[in-house]
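Each remark here refers to the structure printed beneath this line.
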Ligand code: GUN
């Protein structure tokens, strides 16, 4: 069994990006600049956005944090987005989700220029992905694809089972794994909460991508010997032995599933660190304006 280290892969991606930024600076090109819009003061969102801004600084990107009050009107937020769309210094930007209830998230997502949509959530970005055209891929599926690539995990002709059909993980993941490219060329089964006899299906999987959002949902009896398992879940559970009072677990019962696997991504240290690396890759792509 081999551990898929998201820390190792994301560090490699970030150091490659840092070298690329150096080269851009040397030739006097445009240094990539990411902006992040944070509405309100949700603790988790603040942590994520700060991590994104810090990652930009580490690779040499420019970064801007736009902090707006939770009381901002939808119209005012849409105006802020339009300013970022028109700001030539900013190559890409994200609006951190979730937004306050009085703001329509879909409307906001669609207001972002597809040329700057480094989260890859705009319908234009998702449509291009489906058509296998160059586009910004959503961070988590992009990160998983890069993990499979880094570990040379063979995918052609394999049965990939995805558990969960969310717009930002399960559904795009199923499309990427079926593409006629590497990683891809899988026979894909997309399963979800209404799937019958789930264990019968997951036991046939060569590659299992678990994004169901339920702690330790995938157990050893659901996994074939020699499978590759990617755990997208992240849950905080109380743990008095930890200084923080909690620890992180995934959607996979790691201790019993891991011994059966050829490869497995842990939580923490698996998919999580890859998402920021993907955002940075998309921002670099945005400078080239070819997405
Ligand atoms: N909230 C949780 N994950 C994400 C993400 O990837 N992008 C944005 N914009 N908001 C999020």
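The values are calculated or read from the model by the stated rules, or taken from the named source; none is laboratory data. Everything numeric in this text was worked out from a predicted model, so none of it was measured. When we count neighbours, we look across all protein chains shown, and the Cβ atoms used for this are built from the backbone with ideal geometry, even at glycine.
Kindly provide the set of residues from region 101-150 that are part of a loop (DSSP other than H, G, I, E, B), more than 11 Å from the ligand (Cβ to nearest atom) and touching a strand residue (DSSP E or B) at 6+ places or on another chain (Cβ under 6 Å), ordered by number. Selection gives 136 alone. Across region 241-254, not a single residue is classified as out of contact with any strand residue (DSSP E or B) (no Cβ under 9 Å at 6 or more places or on another chain), assigned to a helix (DSSP H, G or I) and either modelled with pLDDT of 95 or more or within 24 Å of residue 206 (Cβ to Cβ) (or both).
Taking region 225-240 as the range and being without any contact (Cβ under 8 Å) to a residue 60 or more places away in the chain, assigned to a strand (DSSP E or B) and within 27 Å of residue 202 (Cα to Cα) as the test, the residues that pass are 227, 229, 231, 235, 236, 237. Give the residues of region 255-280 that are surrounded by 19 or more Cβ atoms within 10 Å (Cβ to Cβ) and either in a loop (DSSP other than H, G, I, E, B) or out of contact with any helix residue (DSSP H, G or I) (no Cβ under 9 Å at 6 or more places or on another chain) (or both), sorted by residue number. Hits for region 255-280 are 261, 265, 266, 267, 270.
The single condition from (1) away from the ligand (no atom under 16 Å from the Cβ); (2) in contact with a helix residue (DSSP H, G or I) (Cβ under 9 Å, 6 or more places away or on another chain); (3) under 22 Å from residue 140 (Cβ atoms) that residue 220 fails is (3).
Looking for something without any contact (Cβ under 8 Å) to a residue 60 or more places away in the chain and in contact with a helix residue (DSSP H, G or I) (Cβ under 6 Å, 6 or more places away or on another chain) - is there at least one such residue anywhere in region 33-41? Yes, because at least one residue in region 33-41 is without any contact (Cβ under 8 Å) to a residue 60 or more places away in the chain and in contact with a helix residue (DSSP H, G or I) (Cβ under 6 Å, 6 or more places away or on another chain). Residues in region 35-52 that are crowded, with 17+ Cβ neighbours inside 10 Å and either within 15 Å of residue 17 (Cα to Cα) or away from the ligand (no atom under 12 Å from the Cβ) (or both): 40, 52. Taking the numbered list (1) surrounded by fewer than 16 Cβ atoms within 10 Å (Cβ to Cβ); (2) in a helix (DSSP H, G or I); (3) within 16 Å of the ligand (Cβ to nearest atom) in turn, residue 97 passes all entries but (2). Being away from the ligand (no atom under 16 Å from the Cβ) and touching a strand residue (DSSP E or B) at 6+ places or on another chain (Cβ under 9 Å) is the filter; apply it to region 55-71 and report the residue that is nearest to residue 98 (Cα to Cα). The selected residue is 69. For region 188-228, the set of residues classified as over 22 Å from residue 2 (Cβ atoms) and within 22 Å of the chain's Cα centre (by Cα) consists of 188, 189, 190, 191, 192, 193, 212, 213, 214, 215, 217, listed by residue number.
Condition (residue is under 30 Å from residue 22 (Cβ atoms) and buried (at least 16 other Cβ atoms within 10 Å of the Cβ)) applied to region 103-112: is it met by at least one residue? Yes, some residue in region 103-112 is under 30 Å from residue 22 (Cβ atoms) and buried (at least 16 other Cβ atoms within 10 Å of the Cβ).
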